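Heads up: the structure comes next, in C-alpha cells.
The values are calculated or read from the model by the stated rules, or taken from the named source; none is laboratory data. As the structure is a computational prediction, the values presented were derived from the model and not from experiment. A quick note on method: Cβ atoms are made from the backbone with ideal geometry, for glycine too, and the neighbour counts reach across all protein chains shown. Just so you know, the surface numbers come from the protein's heavy atoms only, side chains and all, with ligands and any DNA or RNA stripped out. Shrake-Rupley method; radii C 1.70, N 1.55, O 1.52, S 1.80 Å.
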Amino acid sequence: MTTEQAAEAARTTSARKDEHLTIVREAAVEPGRRPDGPFSHIVLEHQALPEVDLDGIDTTVSFLGKRLRIPLLIGSMTGGSAKAGEINKRLAATAQATGIGMCLGSQRAMVEDPGLTETYQIRDVAPDILLIANIGAVQLRRGMSPAQIEDAARRVGADAVVFHLNAAQEAVQPEGDTCFGGLAEAISKAVQEIGLPCGVKEVGCGFSRSALERLADADLAFIESAGFGGTSWPLIEALRAKGPLSARLGVTFAQWGVDSATSLQNCLRYGAGRPIVASGGLRTGLDGARALALGASTVAMALPFLKAAAVGIAECEFEVACFEQELRTAMFLTGARDLAALRGRIAETTG
Ligand SMILES: Cc1cc2nc3c(=O)[nH]c(=O)nc-3n(C[C@H](O)[C@H](O)[C@H](O)COP(=O)(O)O)c2cc1C
C-alpha cells in the first residue's frame, strides 16, 4: 500500500468510526435485548441470613495481573477520530477514578495512519488502569503483522491485546473484510509472536463450541464471550448502508448469533480453562452478578458507556456506581463475602 493509499484508507476508517458513534447514540441497536437482561433465567440464591455485613463485601478481582476494584471493564469501542479521542479520554478518566479496566476500540485506523495515535492515548488521564488494546483478527489476513499489532498496543501503553472476531459485521458492511479463511491458525501464530497477553472476543454474535475448539491450542490469556443480546453490529451496518441491498442484509441478520448466556456457558465449558470476560447486553450489576456466579472472571459493558461518555464523565461514573451498588447488593443477598464465594450461588435455572 502506498502512503497515499494508506492515508485514504485511514480517512475512510475514521469516517466510519464517527458514523458508528452517531448511529449507536441515535438509533435502537439492541434488537435482542431481554427486559431483564441476558441472564434473567439464572435465579441467584436468596439468603435471609446472609451472615455478612454489606460494608464488609469485597468486590476486588485480579485480572491480567492488575487489580480491579469492581469486576468491570469498559468494552472495546473507539479511537481513530477526534470525536473518538475525546470519548476515549472520558472513558479512561472514569476507569481511573472508579478502579475498573478499559478496552480500546480497533487500532486499525492508527496503524493505517500513525497521526491518529493520539486518539487512542489515554495514559495521561489513566496511568494505572488495566488497558486492553484491540484489533480485528481479519487484519492478519490483510497484511498486518503481529509486530505492527504489538507496536500499536505498546505505543498506547496497553497491558494486553484482544483480537476481535466480527464476521457478521464484515459480511454486512459494504466495504467489509471477509477473508476469514485460515484465521484460527493466523491468530495462534500471532499470539506466539506478540510479547503481551492476548485474548479473543466476538462483537455481539457470541461463540459456539466449535469456534472455541478451533482456538483450543492458541496461547490465549482470556476470551470475551460477547454474545447476542446487546448491541447488534449487523443492524448498525444496516442503518449506515448506502444501498437497499446491504440495508436488507443487515436487517435480515440483525438477530443473528449465539445468545449471551449460551456464549458465556460455551466459553466456560470449551474455553480450555481460560479466564472468561462475560459481555453482550449486560447492563446492570445484577446481570454481572449472574455472570460471575456462572463462572465469569469479570464483565464488560460497551454501549451504556458510549452513551454516557457522549454526555460526560459524571454520567460514566454514574453507570459504574449503579453497577457496583447492584453487584454489592446481589452479593449481600446471596451471602457472598467476595467474588469467589459468589461463584455457584445459583438457586435455579428457569426456562
Ligand atoms: C460504538 C461501539 C463501537 C465498537 N467498536 C468495537 C471495536 O472497535 N472492537 C471490538 O472488538 N468491539 C467493538 N464494539 C463491540 C463491543 O466491544 C461489544 O462486544 C458489543 O457492543 C456487545 O456489548 P454491549 O451489548 O455491552 O454493547 C463496539 C461497540 C460499540 C457500541
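Scanning the stretch 201-222 for residues that are closer than 23 Å to Q255 by Cβ and either open to solvent by less than 20 Å² (accessible area, probe 1.4 Å) or not basic (K, R) (or both) yields a total of 11.
Only one entry of A15, A6 meets the criterion of being touching a helix residue (DSSP H, G or I) at 6+ places or on another chain (Cβ under 8 Å), within 28 Å of A158 (Cα to Cα) and more than 13 Å from the ligand (Cβ to nearest atom), and that entry is A6.
Restricting L68, L72 to residues that are under 24 Å from A278 (Cβ atoms), in contact (Cβ under 8 Å) with a residue 12 or more places away in the chain and out of contact with any helix residue (DSSP H, G or I) (no Cβ under 9 Å at 6 or more places or on another chain) narrows the list to L68.
Within the stretch 82-125, the set of residues being touching a strand residue (DSSP E or B) at 6+ places or on another chain (Cβ under 9 Å) and among the charged types (D, E, K, R) comprises R108, R123. Which of the residues spanning the stretch 175-210 are in contact with an Asp or Glu (Cβ under 6 Å, 6 or more places away or on another chain), among the β-branched types (V, I, T) and part of a loop (DSSP other than H, G, I, E, B)? Matches in the stretch 175-210: T178, I194. Checking the structure you have, find out if any residue of the stretch 221-239 is more than 15 Å from the ligand (Cβ to nearest atom) and part of a loop (DSSP other than H, G, I, E, B). Yes, some residue in the stretch 221-239 is more than 15 Å from the ligand (Cβ to nearest atom) and part of a loop (DSSP other than H, G, I, E, B). When the residues of the stretch 297-351 are filtered to those that are over 19 Å from C103 (Cβ atoms) and polar (S, T, N, Q), the one that is least open to solvent (accessible area, probe 1.4 Å) is T334. Would you check which residues across the stretch 5-37 are over 30 Å from G295 (Cβ atoms), open to solvent by 30 Å² or more (accessible area, probe 1.4 Å) and within 21 Å of the chain's Cα centre (by Cα) and list them? Listed by number, the residues that qualify are K17, D18, E19, T22, R25, E26, A27, A28. Restricting A302, A291, A296 to those that are touching a strand residue (DSSP E or B) at 6+ places or on another chain (Cβ under 9 Å), more than 13 Å from the ligand (Cβ to nearest atom), under 30 Å from R337 (Cα atoms) and touching a residue at least 60 places away in the same chain (Cβ under 8 Å) reduces the list to A296. If you go through the stretch 134-169 and keep only what is more than 15 Å from G182 (Cβ to Cβ), hydrophobic (A, V, I, L, M, F, W, C) and touching a residue at least 60 places away in the same chain (Cβ under 8 Å), you end up with A160, V162, A168. If you go through the stretch 148-163 and keep only what is in contact with a helix residue (DSSP H, G or I) (Cβ under 7 Å, 6 or more places away or on another chain) and of a type in the set (G, A, S), you end up with just A152.
Checking the condition of a type outside the set (G, A, S) and under 21 Å from E224 (Cβ atoms), which residue from R328, R248, R290 passes? Spell out how you get there, then give the answer.
On the way: R328 fails: under 21 Å from E224 (Cβ atoms); R248 fails: under 21 Å from E224 (Cβ atoms).
One residue alone meets the criteria, R290.
Would you confirm whether any residue within the stretch 38-54 is part of a loop (DSSP other than H, G, I, E, B), touching a Leu at 6+ places or on another chain (Cβ under 8 Å), open to solvent by less than 20 Å² (accessible area, probe 1.4 Å) and among the aliphatic types (A, V, I, L, M)? Checking the stretch 38-54: not a single residue is part of a loop (DSSP other than H, G, I, E, B), touching a Leu at 6+ places or on another chain (Cβ under 8 Å), open to solvent by less than 20 Å² (accessible area, probe 1.4 Å) and among the aliphatic types (A, V, I, L, M). Between G115, G105, G79, G99, the distinction of being more than 17 Å from G230 (Cβ to Cβ), within 13 Å of the ligand (Cβ to nearest atom) and modelled with pLDDT of 95 or more belongs to G79 only. Quick one: in the stretch 87-127, of everything that is assigned to a helix (DSSP H, G or I) and among the basic types (K, R), which residue is surrounded by the most Cβ atoms within 10 Å (Cβ to Cβ)? Filtering first and then ranking leaves R108. Scan the stretch 223-257 for residues that are open to solvent by less than 70 Å² (accessible area, probe 1.4 Å) and free of Cβ contacts under 8 Å to residues at least 12 places away in the same chain and the total you get is 1. Among the candidates G273, G280, the residue that is within 10 Å of the ligand (Cβ to nearest atom), open to solvent by 10 Å² or more (accessible area, probe 1.4 Å) and either free of Cβ contacts under 8 Å to residues at least 12 places away in the same chain or in contact with a strand residue (DSSP E or B) (Cβ under 7 Å, 6 or more places away or on another chain) (or both) is uniquely G280. Only one of V162, V172 is under 21 Å from S232 (Cβ atoms), surrounded by 19 or more Cβ atoms within 10 Å (Cβ to Cβ), of a type in the set (V, I, T) and under 17 Å from the mean Cα position of the chain (by Cα). Can you tell me which? One residue alone meets the criteria, V162.
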